[in-house]
Protein chains: 2
Amino acid sequence: MLCIVRQVPRTPDPAVRVALIEQAAAMLVAREPVTLRALAGRVGTSTMAVYTHFDGMPGLWGAVRQEGFARLARGLAEVSPSDDPVRDLAALGAAYAANAVENPALYRAMFDAAADLPDPGAAGAGFALLVDAAQRAVDAGRFVDADPAAVATRFWASGHGVLLLVLSGVLPDDALDEHSPALATAVFTAAGDDPERCAASVRAGWAGS
Amino acid sequence: MLCIVRQVPRTPDPAVRVALIEQAAAMLVAREPVTLRALAGRVGTSTMAVYTHFDGMPGLWGAVRQEGFARLARGLAEVSPSDDPVRDLAALGAAYAANAVENPALYRAMFDAAADLPDPGAAGAGFALLVDAAQRAVDAGRFVDADPAAVATRFWASGHGVLLLVLSGVLPDDALDEHSPALATAVFTAAGDDPERCAASVRAGWAGS
DNA sequence: CACGATACATAACACTGCTATACCTAGCGA
DNA sequence: TCGCTAGGTATAGCAGTGTTATGTATCGTG
């Protein structure tokens, strides 16, 4: 029997991998077309690097989407919880919207094929922060007979809808401040919160105070 | 001064124009890649037809988006108003969602660049039906101190968000029935409707009864 | 009927993502 | 220390994309 001891040769450079992802994200936020050759040229490598690291452009897009979700989760994690869980939910929504508005092209690319991420858990981490705050609202008696995951999903979906309509230019920019807090208040009130108290909490959280 | 009477020669064939739009929409709903050559081949014309009629692929996409909004508006117009404006709003939402679910690729393409449509008025016609129903809810005393356009926008944006998350596979298919009526009820209740009466109206409208 | 402007067909261009091939560098065993 | 080897990287070419230049056919007009 052939018992050949295989050698372990050179390994792909992780720096090239992150450079490609970050360059692609940078070109995305700069509204430049993200082409294979332009990307490789900017990073200073050959087009083949995209294939050794990501197995082609679709793989690169997956990595870029994942990086977008990771940045989003980091942005949400910076929101420090307070003793008002409804305010925290609104603050998370404001941070979410701010992240999307800062790099709209990246946000839109994230949801082009958000279903097949290399590591879905990374995206779930951000959503878990919403569910956690909703759970605290239930525990605090602000939400009654409400499923925290359902409330978080509805809050997220409504914010996502307003965001996309604003980012695509269908709604004007000020529609974010006009409709997002109102939708949040509607969702949280429907979950059982007192309307006036809810409105005050959302106002505080959305303003970031 | 040269006063040359210009002749008006042959005019582009409108049938080719509509054939290109409908073929593109058909390939879109069939999840086939809509390429210039494949499109021209299916229609039985040359690639140049796309340029004489639409000045290139971006122009064709604009026409396809407009056709999508026109179909959507036709689908919404089929919803017959009743004496319950809140039910009508929910019925419009259900028709809207059904239209989007039937051809998801077309719906997503519509909002890829919905801001610059050849004729924005066509898209506004569908939205006007929502505003009209909201106005009737105000007139009927169901909504109090509510701006019909704002209510319609929030209803639309929340439904749009759920739809896109479902169409992109982030949320499961049954999320539509689970969250869309609940969001509608939240929005309409926030506009002043009685919670229980609102829930009944939304249930009736969403079910199409 | 003849003219001429224009829709349409054909072919070539620049660009895209991708792949086959050559090189060459990193790491192990002798 | 040195040679071997496996895999990362560079180069060149491929099929396919949208676009454009050029030729041809056709219709409305005088």
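Per-structure values
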{"read-out": "Output for region B:176-203, where each listed residue is touching a Ser or Thr at 6+ places or on another chain (Cβ under 9 Å), more than 11 Å from chain A (Cβ to nearest Cβ) and hydrophobic (A, V, I, L, M, F, W, C)", "value": "B:Val202"}
{"read-out": "Complete set of residues in region A:124-171 that are touching a Phe, Trp or Tyr at 6+ places or on another chain (Cβ under 7 Å), more than 10 Å from chain B (Cβ to nearest Cβ) and under 19 Å from A:Arg71 (Cβ atoms)", "value": "A:Gly126, A:Leu130"}
{"read-out": "From A:Ser209, A:Ser168, A:Ser201, A:Ser180, residue being more than 21 Å from the chain's Cα centre (by Cα) and either buried (at least 24 other Cβ atoms within 10 Å of the Cβ) or more than 25 Å from A:Val138 (Cα to Cα) (or both)", "value": "A:Ser201"}
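No value in this document is a laboratory result; all are computed from the given coordinates. No experiment lies behind these values; they were computed from the predicted model shown. Positions of Cβ are generated from backbone atoms using ideal geometry, with glycine treated the same way; all protein chains shown enter the neighbour counts.
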